[in-house]
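Reading through the C-alpha cells given below for one structure.
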Amino acid sequence: MRASEGRETRPHAAQFWTGIQVALPIAVGYIPIAIAFGVMARQVELSLWDTALMSILVYAGASQFMAVNMLATGAGGLEIILATLVINLRHVVLGLSLINLLKGVRPAWKGALSLGVTDESFAVATLSGRNHPVFLAGIMLSAYLAWVGGTLLGGMLYQFIPPDIGNSMSIALYAMFISLLIPEMRRERKVVMIAGTAMLINALGTELLGLASGWSIILATLAASALFAGKGEKA
Amino acid sequence: MSAWWIILGMSLVTMVPRLLPAWVMDRMVIPGFVDRLLKNIPYAALGALIFPGVLLIDKNPVIGLIGGGVAVVLAYFRMHTMLVIIGAIAAVIVAKMVV
C-alpha cells in the first residue's frame, strides 16, 4: 500500500461498492474453479451439504482440492487435516502483511478481514492503495460469495458439468496476479528485484530442493521480502 | 460417508493461521526492519505465486508460458485486469488447439 494515502472519508456504502468492483476479477477467476471443485467433490460422493460446508468453513481452494483427492484415495482424516494445515500456513505471512497496513483499525475488523485472506484477496487488497476496512470487506465478501456460490452451482449440477470445466480457465487467476504485479514493476525497480528473487527462490525450492509448493512459497516470499528490507530501501 | 469432522478440522487449522497475525500484531510493536519486510510481501508473494506455478496449468508447460506471456504483454500496456484475464484465457484456448 502506498503509505501516503490516509483514511478515506467517503460513505461506507460507496467504500463497500468500490470493494466489490475491485474484486470482480477474483470472482471471475473463482467461479469456474469453485464449480470444478463442487463437481469433483460430488463425484467422490461427498454430499451437497458437505461440499458446500467445506467451501463455507475452509475457504481455501488448494487445500479443498487436495482434501477431495485424498478422500478419493481413502486417506485418513487426520492426514487430510495435517496436510491442510501445511498448505494454509502461508496465510500467516500474508495476514501479517495485511494487518500491518491496518494500523488504527478496530481489532474486531482486523479479525473479520483476516478470515477473508486468500492469495487472491490479499494481493488485490494490499495493492489497491486503500485500507478502509469497509472497502476491504467488499473485496473479501465478494470473493467469498463467488467461491461458495460457485461450489453450490457445481455441487448441484455436477451430473451435467464436465469436471474439466476449470481447465481452460485455470490461467485466469495467474493472469490476475500478473496484471497486479506488472504495473508495480513498472512503477518501481525494487519491485522487479523482490518479485524476481521470489520467483527464482520458489523455482529452486520446488525443482531443485523438491520442497512441497506450500513450503516453497512461504520460504521464497519471506526470503525475498527480507533481502530487500534494508534501511535505505523504500518500497 | 459423512466427512463433517474432517471438514471441521480443516476449518480449524485454516482459521488459526488466518487469525494469528491479527492477534499477534495487536500485542507487539513492529520494528522498522519487520515493517519494511512486511511491505515487501505483496510483491514477493505475487512473484512466488506466479512462477513456476503458471507453467503447471497444463501437462505441456508451453501452454502456461503462452498464457502468462500474453498476460504480461497486456498488463505492460496497462490494460484493465478483466481484459488481461480474457486475453490470457483466449491465448490458452488457442494454444491448446495449436500446440
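The values are calculated or read from the model by the stated rules, or taken from the named source; none is laboratory data. On a predicted model such as this, the values are computed, not experimentally measured, just so you know. Cβ: placed from backbone, ideal geometry, glycine included. Neighbour counts: every protein chain shown.
Just give me the residues in the range A:128-151 being part of a helix (DSSP H, G or I) and more than 17 Å from A:VAL28 (Cβ to Cβ), in sequence order. Correct list: A:PRO133, A:VAL134, A:PHE135, A:LEU136, A:ALA137. Consider the range A:105-131 and keep the residues that are within 10 Å of the chain's Cα centre (by Cα) and under 14 Å from A:LEU180 (Cα atoms). The one that is farthest from the other protein chains (Cβ to nearest Cβ) is A:SER121. Each residue in the range A:214-235 was checked for being over 27 Å from B:GLY87 (Cα atoms) and assigned to a helix (DSSP H, G or I), and 13 pass. The single condition among (1) hydroxyl-bearing (Ser, Thr, Tyr); (2) touching a residue at least 24 places away in the same chain (Cβ under 8 Å); (3) part of a helix (DSSP H, G or I) that A:TYR158 does not satisfy is (3). Being more than 7 Å from chain A (Cβ to nearest Cβ) and closer than 27 Å to A:SER128 by Cβ holds for only one residue in B:VAL29, B:VAL94, and it is B:VAL29.
Out of all the residues in the range A:176-187, is one or more surrounded by fewer than 23 Cβ atoms within 10 Å (Cβ to Cβ), of a type in the set (Val, Ile, Thr) and either closer than 23 Å to B:LEU83 by Cα or assigned by TED's automatic domain parsing to the domain that holds A:THR118 (or both)? The answer is no, given that none of the residues of the range A:176-187 is surrounded by fewer than 23 Cβ atoms within 10 Å (Cβ to Cβ), of a type in the set (Val, Ile, Thr) and either closer than 23 Å to B:LEU83 by Cα or assigned by TED's automatic domain parsing to the domain that holds A:THR118 (or both).
Among all positions in the range A:170-181, there is no residue which is more than 9 Å from every other protein chain (Cβ to nearest Cβ), under 22 Å from A:PHE122 (Cα atoms) and in contact (Cβ under 8 Å) with a residue 40 or more places away in the chain.
Of all residues in the range A:42-96, those satisfying the criterion of being polar (S, T, N, Q), part of a helix (DSSP H, G or I) and surrounded by fewer than 19 Cβ atoms within 10 Å (Cβ to Cβ) are A:GLN43, A:ASN69.
Selection of the range B:47-91 for residues being farther than 28 Å from A:SER225 by Cβ and within 7 Å of another protein chain (Cβ to nearest Cβ) yields B:MET82, B:ILE89.
If you go through the range B:38-87 and keep only what is among the aliphatic types (A, V, I, L, M), surrounded by 18 or more Cβ atoms within 10 Å (Cβ to Cβ) and closer than 22 Å to A:GLY205 by Cβ, you end up with B:LEU38, B:ILE41, B:ALA44, B:ALA45, B:LEU46, B:ALA48, B:LEU49, B:ILE50, B:VAL54, B:LEU55, B:ILE57. If you go through the range A:206-224 and keep only what is touching a residue at least 40 places away in the same chain (Cβ under 8 Å) and either within 8 Å of chain B (Cβ to nearest Cβ) or touching a strand residue (DSSP E or B) at 6+ places or on another chain (Cβ under 6 Å) (or both), you end up with A:ILE217, A:THR221, A:LEU222. Of everything listed in (1) free of Cβ contacts under 8 Å to residues at least 24 places away in the same chain; (2) under 11 Å from B:ILE7 (Cα atoms), the single unmet condition for A:TYR59 is (1).
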